[in-house]
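Beneath this line is the structure, given in structure tokens, with notes to follow.
The values are calculated or read from the model by the stated rules, or taken from the named source; none is laboratory data. No experiment lies behind these values; they were computed from the predicted model shown. So basically every Cβ, Gly included, is an ideal-geometry build from the backbone, and we count neighbours across all protein chains shown.
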Amino acid sequence: MKNQKTTPDNKPKEENIKPRFEFIFKRKNYVFMLIGLGVIALGFALMAGGGSDNPEVFNEAIFSWRRIRLAPTLVLIGFGIEIYAILLDPEK
């Protein structure tokens, strides 16, 4: 047995073995995760607003194309990028 010495009670003792810290993902995965997070944040930012200062006045801006179609699509695309980043094999 390499790197092992016996103690007085004849049990093996590990010597010079350091625990290795490794990230689960590689750099390429984290870059795609940040891109996906940015797209999700952009989608939520585009959904914001459209309210009215006066609760008795209805504002039609809440039903704009940007809030109903574009922003949710960007959020879903961002989640798709996140899934791709998790499943991506950076070795290929």
The one condition in (1) in contact (Cβ under 8 Å) with a residue 40 or more places away in the chain; (2) of a type in the set (Val, Ile, Thr); (3) under 20 Å from Lys92 (Cβ atoms) that Ile24 fails to fulfil: (1)
Conditions (1) at pLDDT 95 or above; (2) surrounded by 15 or more Cβ atoms within 10 Å (Cβ to Cβ); number of the one not met by Leu88: (1)
Asn54 vs. criteria surrounded by 12 or more Cβ atoms within 10 Å (Cβ to Cβ) and either without any contact (Cβ under 8 Å) to a residue 60 or more places away in the chain or within 30 Å of the chain's Cα centre (by Cα) (or both): no
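Any chance you could count how many residues in the range 37-92 are of a type in the set (Gly, Ala, Ser) and within 24 Å of Phe25 (Cβ to Cβ)? Show your work before the answer.
We begin by selecting, within the range 37-92, every residue of a type in the set (Gly, Ala, Ser); these are 38, 41, 43, 45, 48-52, 61, 64, 71, 78, 80, 85.
Those still in the list that are within 24 Å of Phe25 (Cβ to Cβ) too: 38, 41, 43, 78, 80, 85.
Summing the residues that are of a type in the set (Gly, Ala, Ser) and within 24 Å of Phe25 (Cβ to Cβ) in the range 37-92 gives 6.
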Where Gly38 falls short, out of the listed (1) free of Cβ contacts under 8 Å to residues at least 12 places away in the same chain; (2) in a helix (DSSP H, G or I): (1)
Of the criteria (1) in contact with a Ser or Thr (Cβ under 8 Å, 6 or more places away or on another chain); (2) assigned to a loop (DSSP other than H, G, I, E, B), which one Gly43 fails: (2)
Pairs, first closer than 10 Å to Gly36 by Cβ in the range 74-90, second part of a helix (DSSP H, G or I) and of a type in the set (Val, Ile, Thr), C-beta under 7 Å, six or more apart: Ile77/Val39; Gly78/Val39; Gly78/Ile40; Phe79/Ile40; Ile81/Ile35; Ile81/Val39
Given (1) exposed (fewer than 14 other Cβ atoms within 10 Å of the Cβ); (2) modelled with pLDDT of 95 or more, index of the condition Pro72 fails: (1)
Index of the failed condition, Ala61 passing every other in (1) loosely packed, with under 13 Cβ neighbours inside 10 Å; (2) assigned to a helix (DSSP H, G or I); (3) out of contact with any Gly (no Cβ under 7 Å at 6 or more places or on another chain): (3)
